[in-house]
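The values are calculated or read from the model by the stated rules, or taken from the named source; none is laboratory data. None of the values given here were measured: they were computed from a predicted structure. Every residue, glycine as well, gets a Cβ built from its backbone with ideal geometry; the counts of neighbours run over all protein chains shown. The area values use the complete protein model at the heavy-atom level, side chains included, leaving out ligands, DNA and RNA. Shrake-Rupley method; radii C 1.70, N 1.55, O 1.52, S 1.80 Å.
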Amino acid sequence: MFDILIYLFETYVHSESKISIDYDSLTNDLSNIGFKQKDIYNALRWLKNLSSYKKNIISSINTLSKQISMRIYTKEESFKLNADCRGFILFLEQLEILTLDTREMIIERIMDLDINELHLEDLKWIILIVLFNVPGCEVVYQKLENLLFNFKEEVIH
């Protein structure tokens, strides 16, 4: 399922391809590529839930929020999000890339994934997908994208 989300994000969304959503042909295309029917269904359901979830909280998102909070993770969340993942989420909050609202949205989307444990690299993709889909988060999405993909390694002599 997770591979399908990344494939759809890279192929259609992030590449800015014009896509008219015909779920039957999209499902057929994904099936022809080799993805399993169950995973295709779960990925499309996940994206649909992301869309409906963001509609419910858009009015409350304030990307300039300076609120400070400490997030206490449930046992299930701690199991799915290891210490590296939780630390990265906190790091993004400190950089003001994530607000309280977007953090909670990301955690909810992660908990809806059909996986037992999320790895840090996978978390980064989920955060990118969620921020890309939240109106008003364009600036922080670009900031995160630059942080993840446009870093330059300095050579120390």
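Leaving out ligands, DNA and RNA, and with a 1.4 Å probe, what % of the accessible surface on segment 77-157 is carbon or sulfur?
Solvent-exposed carbon and sulfur of segment 77-157 make up 54 percent of the total.
For ILE127, ILE6, what's the largest-to-smallest order of accessible area, 1.4 Å probe?
Highest to lowest solvent-accessible surface, that is ILE6, ILE127.
DSSP loop (so not H, G, I, E, B), at most 14 other Cβ within 10 Å: list which trypsin sites (Lys or Arg not before Pro) in segment 86-157 pass both filters.
Passing both the DSSP loop test and the Cβ count: LYS152.
Per-residue accessible area for PHE149 at 1.4 Å probe radius, Å² rounded to 10?
Around 110 Å² of this residue is reachable by solvent.
Quote the accessible area belonging to ASP101 in square angstrom, nearest 10, computed with a 1.4 Å probe and with ligands, DNA and RNA left uncounted.
The accessible area comes out at roughly 50 Å².
Sort GLU145, GLU138 by heavy-atom solvent-accessible area, probe 1.4 angstrom, most to least.
Result, largest first: GLU138, GLU145.
If TRP125, TRP46 are ordered by their accessible area, calculated over protein heavy atoms with a 1.4 Å probe, which sequence runs from highest to lowest?
Ranking TRP125, TRP46 by accessible area, largest first, yields TRP125, TRP46.
From the Cα gyration tensor of segment 80-157, with a ≥ b ≥ c the square roots of its eigenvalues, which class applies: rounded if a/c is under 1.5, or else prolate if a/b is larger than b/c, or else oblate?
The shape class here is oblate.
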